[in-house]
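Here's the structure we're looking at; comments come further down.
The values are calculated or read from the model by the stated rules, or taken from the named source; none is laboratory data. Keep in mind it's a predicted model, so treat the numbers as computed, not measured. In this analysis, Cβ positions are derived from the backbone assuming ideal geometry, glycine residues included, and neighbour counts consider all displayed protein chains.
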Ligand SMILES: [Zn+2]
């Protein structure tokens, strides 16, 4: 179940990660639709301001929230695209994503890295 404070938590953690990883300020945007059931977010690395779109509900079911651990994993994955040298999917992106997921776990978030890393 998605908590009422989830969006504030996502925004706060994103700002902290941007500072810690020396990333630009990244705006989060709720994504009302996805391209496919397994597509949970999008990283707009070259847009100004840079942004991440996160889907918060099940594909095609806007009243059914995704598990928070799925949303946190998606945030880690999308933030991984902003890490220098890790833009494209591959070992560097995976390493960046896992480091961010690890940091989120250390800060009390449940991150399901089985899904999309
Ligand atoms: Zn990706």
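Just to be sure before I move on: is residue 16 surrounded by 12 or more Cβ atoms within 10 Å (Cβ to Cβ) and either touching a strand residue (DSSP E or B) at 6+ places or on another chain (Cβ under 7 Å) or farther than 21 Å from residue 112 by Cβ (or both) in the structure I sent? Don't jump to the end; show me each part of the working.
Numbers: surrounded by 12 or more Cβ atoms within 10 Å (Cβ to Cβ): yes; either touching a strand residue (DSSP E or B) at 6+ places or on another chain (Cβ under 7 Å) or farther than 21 Å from residue 112 by Cβ (or both): no.
No: the conditions fail for residue 16.
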Matching residues in the range 21-65 (in a strand (DSSP E or B), within 14 Å of the ligand (Cβ to nearest atom) and without any contact (Cβ under 8 Å) to a residue 12 or more places away in the chain) number 1
In the range 71-105, anything over 17 Å from residue 44 (Cβ atoms) and in contact with a strand residue (DSSP E or B) (Cβ under 9 Å, 6 or more places away or on another chain) is listed as 71
Selection from the range 87-113 of residues within 21 Å of residue 31 (Cβ to Cβ) and more than 15 Å from the ligand (Cβ to nearest atom) yields 104, 109, 110, 111, 112
- Message: Scan the range 79-86 and tell me whether some residue there is part of a loop (DSSP other than H, G, I, E, B), away from the ligand (no atom under 13 Å from the Cβ), in contact with a helix residue (DSSP H, G or I) (Cβ under 8 Å, 6 or more places away or on another chain) and within 22 Å of residue 4 (Cα to Cα).
- Response: no
Residue 113 meets each of (1) crowded, with 18+ Cβ neighbours inside 10 Å; (2) part of a strand (DSSP E or B); (3) modelled with pLDDT under 95 with one exception, condition (2)
- prompt: Would it be correct to say that residue 75 is touching a helix residue (DSSP H, G or I) at 6+ places or on another chain (Cβ under 7 Å) and surrounded by fewer than 22 Cβ atoms within 10 Å (Cβ to Cβ)?
  reply: no
